[in-house]
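Below: the structure, in C-alpha cells.
The values are calculated or read from the model by the stated rules, or taken from the named source; none is laboratory data. A quick note: this is a predicted structure, and the numbers were derived from the prediction, not measured. A quick note on method: Cβ atoms are made from the backbone with ideal geometry, for glycine too, and the neighbour counts reach across all protein chains shown.
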Amino acid sequence: MKRREKADRIGQLLDELYPEPPIPLDHVDSFTLLVSVMLSAQTTDKKVNEVTPALFAEAPDPQSMAALPVERILEPIRTVGLAPTKAKNLKRMAKLLVEEHGGEVPDDIDALEELPGVGHKTASVVMCQAFHKPAFPVDTHIHRLAARWGLSNGKNVAQTEADLKKVFAEDTWIRRHLQIIYFGREHCPARAHDLSQCPICGWAASKKRIAEESRKR
C-alpha cells in the first residue's frame, strides 16, 4: 500500500475515534498556550495543567511575566522537568514580546522561533492551535508512530514532519497532530505494545517491524 493510501485509511480511523480532538493544555489565549507548550517539554500535559493556574494567577500576560523575578516564575513550576531553565526562558520570552512585539504573541512561525526557549515544534503548535494556520507539529511520539506506520523513514522529526505533510491533506494537519497524540496515548504506547493487535499498527506496520518490536517486549 502506498503511503498516501495508507495515510487516507489512517485518517479515516482517526476521524472516527477523535472527530474533534481537544487541545490537551489548558489555556485562555495565545500567550498562555505558548507558556504551556514551553513548559510541556519533557513533562506531561497533566503536570503542566496542574502548575499553570498558580503561574497565570501572577503572570497571565507578557507584561506581568516579564516583570516577575525568575525565582517567582520558578516557584509554581518547580515540579516540571527542566524548571530552572524554563523559568529563565519564560522571563526572557515575555520580555522580548513586550520589547519587540508590543506585548503580543506573533502569528509568524519565524518570529516565534526567535523567542527564547521556543523551538520549531513549540512554534508550530502555537501557529495551528492559537492562530489556526496550517502546521504539523511533530514530537518524538508522533515521530515514533509515523515510523511504525510506514509513513516516514525520517531519521529526525524535521524529516518526519516533511513526510507527514506530503501524505496528509493540509486542511487536516491541525487535527491530525492532536489525533495521533491521543491515539498514541490510548492505543499505541512506546513500550510493551503488541503491534499485531493495534487498530493501526496491525495492518499499517510492516511484518519486519512487528517482528522487531515483538522481540523487545
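If I filter region 165-194 down to residues being among the aromatic types (Phe, Trp, Tyr) and surrounded by 21 or more Cβ atoms within 10 Å (Cβ to Cβ), which single residue comes out as nearest to Phe131 (Cα to Cα)?
Within region 165-194, the match that is nearest to Phe131 (Cα to Cα) is Phe168.
Between Thr85, Thr52, Thr79, which is over 30 Å from Ala169 (Cβ atoms), assigned to a loop (DSSP other than H, G, I, E, B) and not acidic (Asp, Glu)?
Within the list Thr85, Thr52, Thr79, the selection yields Thr79.
For region 29-38, check the following and say yes or no: at least one residue is part of a loop (DSSP other than H, G, I, E, B), out of contact with any Phe, Trp or Tyr (no Cβ under 6 Å at 6 or more places or on another chain) and surrounded by 15 or more Cβ atoms within 10 Å (Cβ to Cβ).
no
Only one of these is modelled with pLDDT of 95 or more and over 15 Å from the mean Cα position of the chain (by Cα): Gly102, Gly117, Gly154. Name it.
Answer to the check: Gly102.
Answer yes if at least one residue in region 123-145 is in the same structural domain as Pro62 (by TED's automatic domain parsing), over 23 Å from Pro19 (Cα atoms) and buried (at least 17 other Cβ atoms within 10 Å of the Cβ), and no otherwise.
So far as region 123-145 goes, yes, one or more of its residues are in the same structural domain as Pro62 (by TED's automatic domain parsing), over 23 Å from Pro19 (Cα atoms) and buried (at least 17 other Cβ atoms within 10 Å of the Cβ).
Does Gln197 meet the test of being surrounded by 18 or more Cβ atoms within 10 Å (Cβ to Cβ) and out of contact with any strand residue (DSSP E or B) (no Cβ under 6 Å at 6 or more places or on another chain)?
So Gln197 fails the test.
One line per residue, one yes/no per condition, for (1) within 29 Å of Tyr182 (Cα to Cα); (2) touching a helix residue (DSSP H, G or I) at 6+ places or on another chain (Cβ under 6 Å):
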position: Thr43; (1), (2): yes, no
position: Ser64; (1), (2): no, no
position: Ala67; (1), (2): no, no
position: Glu75; (1), (2): no, no
position: Ala94; (1), (2): no, yes
position: Leu97; (1), (2): no, yes
position: Asp108; (1), (2): yes, no
position: Glu113; (1), (2): yes, yes
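Within region 115-149, which residues are touching a residue at least 12 places away in the same chain (Cβ under 8 Å), farther than 19 Å from Asp61 by Cα and in a loop (DSSP other than H, G, I, E, B)?
His132, Lys133, Pro134, Ala135, Phe136, Pro137, Val138, Asp139, Trp149
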